[in-house]
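The values are calculated or read from the model by the stated rules, or taken from the named source; none is laboratory data. Remember, predicted model here, so these are calculated numbers, not experimental data. Neighbour counts are summed over all protein chains in view; Cβ atoms, including those assigned to glycine, are modelled from backbone coordinates with ideal geometry.
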Amino acid sequence: MHLDSEIGRLKTEADEPGWEVDPDDDWGVAVVATVGRQLKLRREAVGMRAAEFGKAVGYGEDMVYKIEGGKRIPRPEYLDMADEVLGAGGLLSAMKEDVKRVRYPKKVRDLAQMEARAVEIGVYECSNIAGLLQTPEYARALLESWQPAYSLEDLERRVAARMARLSVFDRSPAPALGFVLEEATLRRRVGGTMVRRQQFERLLEVGRLNNVTLQVMPMDSAAHPGMSGRIEVLKFEDGSAVARSDGAFNSRPTSDPRQLRVLELRYGTIRAQALPPMESLALIEQLLGET
């Protein structure tokens with residue numbers, strides 16, 4: 001049996017921070033508990049002790065018990081190695097898709113599920129470039145500035161979660177997407193020169209799509225209703241909608257008709273005050289040339 005994992009130091013909890021299960025994520029807790037239980041049953045069925053199994057897959061005994069007890073999220077390669085070591089015939093490897101979704105924070109997962117159903121998405125972002133428009137390098141540079149600092153593992157987990165949401169651009173039929181960004185945000189030096197150039201190129205690429213409207217709020221604009229925070233409006237095929245704003249209704253998603261009208265009015269006013277799409281793309285091209 002070919003197992004590269006037998007060579008080298010066994011991985012411990014200190015080697016893999018940021019893979020704990022969110023106790024408030026009921027679905028995630030259930031998935032990880034089920035996966036852990038199946039791993040334990042398979043290991044015991046072949047008469048292999050936890051320490052022996054851990055050595056075979058390259059993990060310490062304590063980590064094996066935590067994963068089997070549903071306290072830690074197993075990596076995809078852990079499931080592949082376990083499948084091989086325990087002769088599970090692909091049953092353990094098949095759990096990777098569910099486990100992959102659990103890796104992403106519940107808040108991000110819930111947002112991605114709503115975006116996947118929406119036929120229209122409108123976003124005003126005041127503090128940085130909207131997540132659906134970010135390159136991996138820009139997202140990583142933003143997250144690296146957070147305090148207290150994320151562990152490397154948690155940082156990569158959050159970048160991956162943000163990038164997974166970009167599947168919204170691959171949907172058919174394509175949803176109508178609208179974005180309003182602040183010019184000041186575009187001028188902020190997030191990351192190095194190449195990171196900024198790639199981000200501007202990404203904005204120009206997306207802004208030219210037929211189903212996307214990209215606008216920039218110029219720095220010399222008058223005061224507008226988005227100055228209190230981000231606004232998101234998602235509309236669905238059945239006519240329902242969900243919206244949220246950092247500056248209204250406790251920042252929580254709302255589907256209350258009255259509250260929706262307020263946020264839609266604010267978002268519409270912001271769009272009316274921002275530069276038209278062609279002028280916005282011209283400004284981004286100018287910033288790219290200056291970078």
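Structure data summary
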{"item": "Condition check for Gln134: without any contact (Cβ under 8 Å) to a residue 40 or more places away in the chain and either closer than 21 Å to Arg230 by Cβ or out of contact with any Pro (no Cβ under 6 Å at 6 or more places or on another chain) (or both)", "result": "no"}
{"item": "Enumerated helices (runs of 4 or more DSSP H) restricted to the stretch 44-153, each holding at least 3 residues that are under 20 Å from the mean Cα position of the chain (by Cα) and surrounded by fewer than 20 Cβ atoms within 10 Å (Cβ to Cβ)", "result": "96-103, 106-117, 136-144"}
{"item": "Residue identified as farther than 20 Å from Leu133 by Cβ and of a type in the set (A, V, I, L, M, F, W, C) among Phe200, Phe236", "result": "Phe236"}
{"item": "In the stretch 204-232, residue surrounded by the most Cβ atoms within 10 Å (Cβ to Cβ) [restricted to those that are out of contact with any Ser or Thr (no Cβ under 8 Å at 6 or more places or on another chain) and of a type in the set (S, T, N, Q)]", "result": "Thr213"}
{"item": "Residue that is more than 28 Å from Arg261 (Cα to Cα), hydrophobic (A, V, I, L, M, F, W, C) and under 19 Å from the mean Cα position of the chain (by Cα), where the choices are Leu234, Leu186, Leu203", "result": "Leu203"}
{"item": "Residue pairs meeting the criteria (Cβ under 6 Å; at least 6 apart or on separate chains; first more than 15 Å from Pro136 (Cα to Cα) and of a type outside the set (Gly, Ala, Ser), in the stretch 161-177; second assigned to a helix (DSSP H, G or I) and modelled with pLDDT under 90)", "result": "Val168/Glu115"}
{"item": "Residue that is farthest from Leu186 (Cα to Cα) [pool: residues in the stretch 248-288 that are crowded, with 16+ Cβ neighbours inside 10 Å and among the small types (Gly, Ala, Ser)]", "result": "Ala248"}
{"item": "Identity of the residue in the stretch 7-19, modelled with pLDDT under 70 and not in a helix (DSSP H, G or I), that ends up surrounded by the most Cβ atoms within 10 Å (Cβ to Cβ)", "result": "Trp19"}
